[in-house]
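Below: the structure, in structure tokens.
Every number here is computed from the coordinates shown, using simple stated rules; none is lab data. Note that this is a predicted model, so its numbers are computed, not measured. Please note: Cβ atoms are built from the backbone with ideal geometry, for glycine as well, and neighbour counts cover all protein chains shown.
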Amino acid sequence: MLSRFFLDRPVFAWVIAISIMVVGALAIYSLPISQYPPIAPPSIYITASYPGASAETVENSVTQIIEQKMTGLEAMLYMSATSDSSGNARIELTFAPGTDPDVAWTKVQNKLQLAMASLPDVVQSRGVSVGKATRNYLLIVSLISEDGSMDGNDLRDYAQSNLEKVLARVPGVGEVENFGTQYAMRIWLNLDRMNDYRIAITDVVAALRSYNVEVSAGQFGGTPAVPGQRLNASIIVQSLLKTPEEFANVPVRITPDGAVIRIRDIGRAELGTEFYDVEAYFNGKPAAGMAVRQAAGANALDTANAVKAKIAEMSRYFPPGMKAVYPYDTTPFTRVAIQEVVKTLFEAIFLVFCIMYVFMGTFRATLIPTIAVPVVLLGTFASLHFFGFSINMLTMFAMVLAIGLLVDDAIVVVENVERIMAEEGLGPREATAKSMDQITSALIGIGLVLAAVFGPMAFFKGSTGVIYRQFSITIITSMLLSVVVALVLTPVLCASLLKPIPPGYEPADHAVFFLRPFFRWFDRMFYRLRDRYVRTVNWSFSRKWRYIFIYIVIVASMNTLLLKMPTAYLPDEDQGTLITQVMLPANSTLEQTKAVLENKVKSYFLGAEKDAVEALLTVSGISVAGRGQNMGLSFVRLKDWHLRDKPELRAQAVAGRAMRAFSQIREAMVFAFPPPPVIELGNATGFDFQLQDRAGLGHAALMAARNQLLGMAAQDPRLKQVRPNGMEDVPQYHIDIDWEKVGALGIPITSIHQTIQAAFGSAYVNDFIQAARVKRVFVQADAPFRMLPKDLDKLYVRNTAGKLVPFSAFATGRWELGSPKLERFNAFPSINIWGEPAAGRSSGEAMKAMEELAGRLPQGFGFDWTGLSYQERMATSQAPLLYAFSILVIFLCVAALYESWTIPIANLLMLPLGLFGATIATYSRGFPNDVYFQIGFLTTLGLTTKNAILIIQFAKERMAHGEGVIEATLGAAKTRLRPVIMTSLAFFFGVLPLAIASGAGAGAMKAIGTAVAGGMLSATFIDLFFIPLFFVLVYRFFQRRKGSNTVQQVILTSGSKEVVS
């Protein structure tokens, strides 16, 4: 046998163990670190710009044209799109996890080419871009002026001019969004003076384009040159203008008498910014903000480190007083959470060592299973490198669970060797050889069953499949390695470390002298407990119906609790950040939005929550819902976790108090929420709902349905903070142009468009040079001349005859309601709605509530889920199949181990008893049925089967030596009670640090630890009474059905085939 081979070659066994550890140690240094594996599906985005177009025009002429061509894309999950009144269109296509982002990008690019010819010319000329980036922000880089020497415009200009493109080229960065714009030359026009001078806006634009040019005038002595030429020099006629004074001096008109009308006569020139609708403040001080999105498939930690390294490199060139800060960063949580899990790992190792020492009584015996721990763990790290995994929360959780499992095999070996030495008086080597002959099949069987339980998880698809796969491969590898170590190294350690003992030996005899009284007392209590246990098992054989009734009650209770448990995807975590979304009433101004952010949001967080909040970045004019003057956003950075060790300082508690405070604000709706557990899958916790118009009922009907749904949601006790993640319809001033009059007056259509655009929206003219960089020139009416509809009467347009025609001569205006932002989902008009479950409710309950409410809407409206909610729906639907497949695999493995189709039924009957503990522990702590509960559920299945195998396998062997079924079962229960209790308690205390964790990552640790610890307790202390009973009942039931001879042959003959009479 394998163990005997290595007993004769102990050095060979050590060489294998050391080689495994060396390879694992080398793998640790090369493994990437992340919070989660790449769970988020890869996303490809398409952006296009149609200047001057309304949201409706952009949707009809750009967005839908592109959408219609995005068909037949393999592995595409869903597609979302937005069109806004700034003329921007953005389409995001989300693909199944595991899809190569580069391949997906290429396919989208090819499909886009089919749509390009149908897009408006101006859209084609400005270009349509395709990129790879996740939908969330990885981190935000903010620039501040510590000495106040630079204002917000200075900082935002420096960010865009000097840093944005540099950061965009950092490996792993998918997109950089700048909260602001760079400097631009702004030409502000005084319409009254222009009318006095009879100058049209188009005249000003033409003059600027004539004078602000770079002329290539050629050279003196350019080739081909005459023979003997000795001069070669460039000729400079005119170059781009640079200063406001130069632009102010540009002539607009020169009269016949030589008088010159310049820009300064009809307006003013100043160095401003391209757009004034977005402003950022850090702790109330002017700031620049650059939000970094990571590329699909990139490692978040590596990308963030690379961005920070690049900023540190560029900071050497910052102007005096400028400093870079990070008001929003998702990566510190990853580092701290992994550190917490590593700490938990060492705590688990220590607790497991203590449990083994208490049961074994000697340091030498305890040391043997302990040596297996680093060998198996380091070998598992090597397997992570081989499979291309990372060190993340899931793989580390698997290792913590594996601590208790991997010492099980070594404990079984050591305990059986000591038992044989005590009962038969054999030496360590002889006892080890005999022990391995007895338990090798059980060790292999347990290892294969546990590996088989987790095997099906590796084949599921989607983001949930990624989670399952990382966990299952890690724990399967550790289990198989533990079996290898138990068969190769542990026998060698037993033969070399254990001392010969006389018959009747007690472990306490060789304990440390001052601990001997404790160990003797422990042994006496354990033997007394064991005798009482055996009597109870024997008593159960004559009272089987009473136990069957108890079994039915337990199973029914488990099913009831399981059905009542709320569902979720992943537990929420305190990630050290909060996000605040601000929405003012439609048509509110940027000034009003800034006031709310400054006086309400900033004052609250930096005042009332100063013990929890470290810094705050507020952004006016933009939010996750869209861009507009009535929109605002803030990113709250909380203090380090060790400074927030009180429950009231945790992120959820801070967000709850903030919401109560913000609910008193009357001039705006303000929502505070933590980011989701998987940052790549969205921007907020709770659910992500898409209300769709599937019958083409129109935007007005869709808005009415939305309002009806929001009204019902506000009355539902299962929901809270249900809000549209979009922009409200706003009053818009629609200008009707009489095109017949325009034609009769001889006015070029382009002149009308240029005039209205330049006056109220700003017109891009050309470029200028500032600080050695090319920047833009814009013309626009000065602020006093574009505030009200009556200001339209001050506009004049020049016709083909050279005369000025008042705008009012051919145009009228009217107010109407329109949307500044239109959304689509899966090619249907939609509205995105966010919300959260009420206190004590789960996201699954909230999603169910939304589905019920959506069912009450008028015919023609449907819904869909996106982001984290989509993945939760997928995970919920996959769970029953996963459980069923795992149970099937358990049955087949146990049938192969026992070479019987009947005995495994006893094992299967034990499964609900273990699951009862997992269910009641999770339910009693108020945790939902999420992915971690499902993992704990499956782990409990394997542990329950392991305990049954340890007892039933020994009962079979005793029956093979002629004992009756009851006598053999009682003997197996008595013999195996100590290793079962020891391995179970070792596993329980190994996962206990997870169940009682606090700090970063505690949500996930408590979720998985509670399920597994509860399952372990019931799988041990309830199953121990039912395993012998059900084995006897199953044995006798099939004996009566098939005849005693056939069943006796199946049970007693190892390796024989079952005979059907």
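Positive-end ranking of 432, 170, 721 along the dipole of the chain, with charges on Cβ about the Cα centre, is headed by 432. With respect to the chain, whose longest principal axis is taken over its alpha-carbon atoms, helix 10-30 is tilted by about 20°.
So how strong a dipole does segment 41-133 carry about its Cα centre when Lys and Arg Cβ are +1 and Asp and Glu Cβ are -1, to the nearest 20 debye?
My answer is approximately 160 debye.
Using C-alpha pairs below 8 Å separated by at least 6 residues, the relative contact order for segment 576-674 is 40 percent. Entry note, the chain: relative contact order of 16 percent, from Cα contacts under 8 Å with a spacing of 6+ residues.
Axis angle, to the nearest 10 degrees, between helix 300-314 and the longest C-alpha principal axis of the chain: 40 degrees. Rounded to whole numbers, the Karplus 3J(HN,Hα) couplings from phi for segment 984-999 are 5, 5, 4, 5, 4, 6, x, 9, 4, x, 5, 5, 10, 5, 9, x Hz, using 6.51 cos²θ - 1.76 cosθ + 1.60 with θ = phi - 60°, and x at Gly and Pro.
Listed values for segment 589-603 are Karplus-derived 3J(HN,Hα) couplings in whole Hz (6.51 cos²θ - 1.76 cosθ + 1.60, θ = phi - 60°), namely 9, 4, 4, 5, 5, 4, 5, 5, 5, 6, 8, 10, 5, 5, 4, and x replaces Gly and Pro. Packing, taken as the mean count of other beta carbons within 10 Å per residue, orders the peptides 382-388, 831-837 from highest to lowest as 831-837, 382-388.
Whole angstrom only: what separates the Cα centroid of segment 167-237 from the Cα centroid of segment 304-343? Centre-to-centre distance over Cα atoms comes out at 38 Å.
Each residue of segment 559-573 is assigned a 3J(HN,Hα), and the resulting list reads 4, 5, 5, 5, 6, 7, 5, x, 10, 7, 9, 9, x, 5, 10 Hz, derived from the Karplus form 6.51 cos²θ - 1.76 cosθ + 1.60 (θ = phi - 60°), x at Gly and Pro. Magnitude of the charge dipole for segment 114-218, about its Cα centre and with charges confined to Cβ atoms of Lys, Arg (+1) and Asp, Glu (-1), is about 460 debye. Of all beta bridges that DSSP places with both ends in the chain, some 95 percent have antiparallel geometry. Considering only alpha-carbon pairs that sit under 8 angstrom and 6 or more positions apart, the relative contact order computed for segment 935-983 is 36 percent. In straight-distance terms, cross-link reach from residue 639 covers every one of the aspartates and glutamates whose alpha-carbon lies under 16 Å from its own, apart from those fewer than eight places away in the same chain; here that gives 329, 573, 574, 609, 611, 614, 648.
Assuming charge only on the beta carbon of Lys and Arg (+1) and of Asp and Glu (-1), the dipole of the chain about its Cα centre is about 2300 debye to the nearest 20. Residues whose amide H falls under 5 Å from that of residue 77, counting only those 5 or more places apart or on a different chain, are 94, 95, 96, with hydrogens built in the peptide plane. In summary, the aspartates and glutamates within cross-link reach of residue 956, defined as a Cα separation below 12 angstrom excluding same-chain residues under 8 places away, comprise 899, 967. Two numbers describe the Cα atoms of segment 115-269: Rg and Dmax, which are 23.1, 66 Å. How far is the Cα center of segment 132-150 from the Cα center of segment 43-120, in Å? If we compute the Cα centre of each part, the gap is 28 Å.
Each of 237, 407 was scored by other Cβ atoms within 10 Å of its Cβ. Listed from fewest to most, they are 237, 407.
Applying the Kirkwood pairwise sum to the alpha-carbon positions of segment 149-226 produces a hydrodynamic radius of 17.5 angstrom. Placing unit charges on each Cβ (+1 for Lys and Arg, -1 for Asp and Glu) gives segment 1-129 a dipole about its Cα centre, and among 83, 14, 25 the Cα reaching farthest toward its positive end belongs to 14.
Taking other C-beta atoms within 10 Å as the exposure proxy, 984, 924, 588 rank 924, 588, 984 from fewest upward. Using alpha carbon centroids, what distance separates segment 937-990 and segment 703-751, in Å? Centre-to-centre distance over Cα atoms comes out at 70 Å. Rounded to the nearest 10 degrees, the angle from helix 1023-1042 to the longest Cα principal axis of the chain is 70 degrees. For segment 792-917, a Kirkwood hydrodynamic radius built from all Cα pairs, placed in the Stokes-Einstein relation at 10 °C and 1.306 mPa s, yields a translational diffusion coefficient of 72 µm²/s. Calculated on C-alpha atoms, the gyration radius of segment 576-674 divided by its Kirkwood radius gives an Rg/Rh of 0.98. Placing +1 on the Cβ of each Lys and Arg and -1 on the Cβ of each Asp and Glu in the chain, which of 788, 709, 759 has its Cα farthest towards the positive end of the resulting dipole? Final value for the positive-end residue is 709.
Over every pair of different alpha-carbon atoms in segment 1-148, take the mean of 1/r and invert it; report that Kirkwood radius in Å. 19.6 Å is the Kirkwood radius here. When Rg and the Kirkwood Rh are both derived from Cα coordinates, the Rg/Rh ratio for the chain amounts to 1.10.
Each of the peptides 213-222, 933-942, 192-201 was scored by the mean count of other Cβ atoms within 10 Å over its residues; in descending order, highest first, they stand as 933-942, 192-201, 213-222. On a per residue basis, the convex hull of the C-alpha atoms belonging to segment 916-969 measures out at 68 Å³.
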